[in-house]
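For reference, the structure discussed in these notes is given below.
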Amino acid sequence: MSEPKENVLMEKIVSLCKRRGFVYQSSEIYGGIQGFWDYGPLGAELKRNVKELWWSTMTRLRDDVVGLEATIIMAPQIWRASGHVDTFCDPMCDCLLTKKRFRADQVEPQSGNVFWFIGAMETEAFEECRNLIQENPNQFTCSVEKVVSLLEAGRLVELSGDLAASMQSRDSESPFSVPKLLLKLGPHYFKEYAVMLPPGKPPESARKTALQYYSKLGIKAPKLLGERVEKVENSTRFNPENGSLLTPPVPFNLMFKTYVGPTATEEDVAYLRPETAQAIFAQFKNVLETSRQKVPFGIAQVGKAFRNEVTPRNFTFRSREFEQMELEFFIKPDEAVEVISGAVATPKGAGHPGEPQPSWGWQIWHQYWVEERIKFYEGIGLPRTTLEEYWQKPEELAHYARACVDILFKFPFGTQELEGIAARSDFDLSQHARFSGKTMGVFDEDLRTAWGKLDDAKKKDVSERYYQARLRYLTKSGVEQAKAEKQAKEDAEGLAKGQYIPHVIEPSAGVDRLILALVANAFSEVTTTDDKGKSETRVVMKFHPRVAPIKVGVFPLLKNKPELIAKAKEVFESLRGHMMAFYDDAGAIGRRYARQDEAGTPFCVTIDFDTLGEKPELLNTVTIRHRDDGKQERLPIAELQGWLLARIR
RNA sequence: GCGGGCGUAGCUCAAUGGUAGAGUUCCAGUCUUCCAAACUGGCCACGUGGGUUCGAUUCCCAUCGCCCGCUCCA
């Protein structure tokens, strides 16, 4: 996955990005800041194109999706309701021996004998100290045995403090002076460590583990000091795999915290959103009431999100400040669909299920969105062969998710997630209903009408299933049984009156990841050899014309002819209002083409002497040069704009 | 957060305990003709902070950043 060749490719991509102004490191002049990236001129255009394509595909070209633009900082209760405050602040601890990281609340409690060590020192230094003491009994007022036992127990405070009083010599140059003795002890002699042994295991294995630990600290041949044994019940302070002591739990704060208002007390704490989705849920009722939409419909949002990633890696792939393009598509619960349509339509095999139908249940809606999203990626130049679909296994799903498909891209550093399309049931709206006390249910005329036509057996059956589904959610969320049953009963009665909490399908994509995928996919190298046999490698960024930062380069063939320049500028001015165009007259024409190849500009227009009428039949025509094969064709200036627009939209 | 590697011009790479050099890019100019042409001229660098030293880009320490592995990935 990370073979040298692929790392080299990634390095080339990073270097190109910086060199041509796609991506810079944030705050670079101050040494940079990990996990933050800026987009340069070309990157900004590329990103804007991608976001605008997403937006128009998802909202403007659809009848059933509307937009939202919410704030980054919201009421902190939102993040309690969403579960982020809890899950983003897991206390973590590390194994002192293997450095493996654990979530403190997920360590298995264990019982057994704990072997504590006060420290360790080099065996050689220990022996030397002991021999020195034993061979000079007359240097101490107390017994030599006592001094040695203090040494073995690692009770160095006493060795260096109390013991000093019992030494005969007060001469600091004497080999028995405190400083001289301490010097002999060597490094790392008082780092406390412990190993938990399950009952029945020999103490030797605890010592062996401890020796490993101290030798990792840099003691070559450790002599363990101050061993003592303690019986411990149900402790989570030890690594279940090897018994090693863990570091004390440290809270991991994965959300960015800030304070709202002039005072900075706990009361004022707020968070920068870690995802854009929650605002959509929080504003669901407002949008429903003001957009004249009815379920099924969606709300789309593009915006920044912030996560304190443990390890920002792989260029912009995992950034701490990033941008998301999220859709929450609200659908009727399957029970409601069943009542209205008589039966719930489920997927018939793989592939796009076609135009949405009233009978669709959540599974087919989910598949629909997976296929829609892949279609989008294909439309901006990521062939299906570069993508992978990953259906999360039941045990990988978050507890509220019914299904989740990751759309992965084959990055040079590995196949990684571009977008997740989750079927999230009615979890999110239910959470916000519970936490805010506001209703998140919708009224569905069709449902009420259809319900009236059901026979009693069917009513009872559907009602019972909806009741069970609601009860499952409520009890899982920690609502006490009696209350949960009462609420679920109300919900089931609501269904009979045409009310329900919508379920949701969530296609959630990372803009920056997509940009990186587009850049990696577009990157290609062309090696040419000239007449003198000198070969050189040039980079061509093969962006799809729809996303390319610059759509067209406009050049006068030569710089020193004012007529050419005037005509070229005229052509440039006629295009720039319609697309991102770039005028360049610096250097030889081949150099200008090469520069545009690196920027990924799909078309270059050159104004030459024929344009000015040197060959009368070519008057007011220009050459258009194609980026990917270098081929040229000749076109009247009057047709240029239409020709280009047809290819960049 | 841990372990390993790296840090000289926009890029690729030199040299040096005593004024840092080349190619390329970039900028300006010459040239009537299409794929980084040639020629002329020009701009630009020792990641940061300490220490050792008369003097540090060079030696030492710390720090920051990047890359790789581990860890994390709601």
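The values are calculated or read from the model by the stated rules, or taken from the named source; none is laboratory data. Being a predicted model, the structure only gives us computed values, none of them experimental. Neighbour counts are summed over all protein chains in view; Cβ atoms, including those assigned to glycine, are modelled from backbone coordinates with ideal geometry. Just the protein is used for accessible areas: all its heavy atoms, side chains included, with ligands, DNA and RNA removed. Shrake-Rupley method; radii C 1.70, N 1.55, O 1.52, S 1.80 Å.
Run the Debye formula on the Cα coordinates of the stretch A:524-649, all scatterers equal and no solvent, and tell me log10 I(q)/I(0) at q = 0.10, 0.17 1/Å. Summing over Cα pairs of the stretch A:524-649 leads to -0.31, -0.86. With axes computed from alpha carbons, what is the tilt in degrees of helix A:481-496 against the longest principal axis of chain A, rounded to the nearest 10 within 0 to 90? Long axis of A:481-496 versus the principal axis of chain A: about 10 degrees. Pairs of Cα atoms nearer than 8 Å and 6+ residues apart set the relative contact order; for chain A it is 13 percent.
Restricting to DSSP loop positions (anything but H, G, I, E, B) with no more than 13 other Cβ atoms inside 10 Å of their own Cβ, which trypsin sites (Lys or Arg not before Pro) remain in the stretch A:508-608? Please report the intermediate quantities before stating the final value.
Details: sites: A:Arg513, A:Lys532, A:Lys534, A:Arg538, A:Lys542, A:Arg546, A:Lys551, A:Lys559, A:Lys567, A:Lys569, A:Arg576, A:Arg591, A:Arg592, A:Arg595; in loops: A:Lys532, A:Lys534, A:Lys542, A:Arg546, A:Lys551, A:Lys559.
Here the sparse-neighbourhood loop sites are A:Lys532, A:Lys534.
Annotation for the stretch A:519-624: GluC sites (Glu not before Pro) lying in DSSP loop with at most 13 further Cβ atoms inside 10 Å of their Cβ are A:Glu614.
So if R0 is 56 Å, what FRET efficiency would A:Ser524 and A:Val269 give, r being the distance between their Cβ atoms, rounded to the nearest 0.05?
Plugging the Cβ-Cβ distance into 1/(1 + (r/R0)^6) gives 0.70.
Residues whose amide H falls under 5 Å from that of A:Val23, counting only those 5 or more places apart or on a different chain, are A:Lys18, A:Gly40, with hydrogens built in the peptide plane. Helix A:203-216 and the long axis of chain A differ in direction by around 60°, with both axes built from C-alpha atoms. Values of log10 I(q)/I(0) for the stretch A:406-538 across q = 0.22 Å⁻¹ run -1.25, by the Debye formula with one identical scatterer at each alpha carbon and no solvent.
Each 10 Å bin from zero holds the following percent of Cα-Cα pairs in the stretch A:221-302: 11, 21, 18, 18, 16, 10, 5, 2.
Once you charge only the Cβ atoms, +1 for Lys and Arg and -1 for Asp and Glu, what is the size of the charge dipole of chain A about its Cα centre, to the nearest 20 debye?
Details: 87 positive and 91 negative charges, 130 e Å.
So the magnitude is around 620 debye.
Placing pseudo-labels 7 Å out from each Cα toward the beta carbon at A:Ser359 and A:Arg649 gives an inter-label distance of 3.8 nm.
In Å², what does the accessible area per residue of chain A work out to with a 1.4 Å probe? Each step should come with its number before you reach the end.
Working: 32410 Å² over 649 residues.
Dividing the accessible area of chain A by its residue count gives 50 Å².
Where both residues lie in the stretch A:290-378, what percent of DSSP beta bridges are antiparallel, nearest 5? Antiparallel bridges make up about 90 percent of those DSSP assigns within the stretch A:290-378. Of the three principal axes defined by the Cα atoms of the stretch A:294-350, the extents in descending order read 51, 28, 17 Å.
Find, among the GluC sites (Glu not before Pro) in the stretch A:198-290, those assigned to loop by DSSP (not H, G, I, E, B) with at most 14 other beta-carbon atoms within 10 angstrom. Kindly include the intermediate steps, with their values, before the conclusion.
Working: sites: A:Glu204, A:Glu227, A:Glu230, A:Glu233, A:Glu241, A:Glu266, A:Glu267, A:Glu275, A:Glu289; in loops: A:Glu227, A:Glu241, A:Glu275.
Taking the stretch A:198-290 and a limit of 14 other Cβ atoms within 10 Å, the loop GluC sites (Glu not before Pro) found are A:Glu241.
Over the stretch A:229-382, all Cα pairs binned in 10 Å intervals from 0 give whole-percent P(r) values of 8, 20, 25, 20, 17, 8, 1, 0, listed from short to long. Counted over the stretch A:22-62 with a bin width of 5 Å, the fraction of Cα pairs per bin, in whole percents, is 6, 22, 17, 15, 14, 11, 7, 4, 2, 0. Solvent-accessible surface of protein heavy atoms, probed at 1.4 angstrom with all chains present, puts A:Asp446, A:Asp512 in the order A:Asp446, A:Asp512, largest first.
Work the Kirkwood hydrodynamic radius out for chain A: mean of 1/r over every pair of different alpha-carbon atoms, inverted, in Å. Don't jump to the answer; show the numbers that get you there.
Numbers: mean 1/r = 0.0323 Å⁻¹.
About 30.9 Å, per the Kirkwood formula over Cα pairs.
Computing the accessible area with a 1.4 Å probe over protein heavy atoms, can you report the carbon and sulfur percentage for chain A? It would help to have the intermediate numbers written out before the result.
Values: 16590 of 32410 Å².
The computed percentage sits at 51.
From the P(r) of the stretch A:302-421, can you give the percent of Cα pairs sitting at distances over 20 Å?
Details: 3926 of 7140 pairs.
When every Cα pair of the stretch A:302-421 is considered, 55 percent fall beyond 20 Å.
I'd like the Kirkwood hydrodynamic radius of the stretch A:423-489, using the inverse of the mean 1/r over distinct C-alpha pairs, in Å.
Details: mean 1/r = 0.0751 Å⁻¹.
Averaging 1/r across every pair of different Cα atoms and inverting gives 13.3 Å.
In chain A, a dipole from Cβ-located charges (positive for Lys and Arg, negative for Asp and Glu) runs towards its positive end, and of A:Leu635, A:Pro549, A:Gly381 it is A:Leu635 whose Cα lies farthest in that direction.
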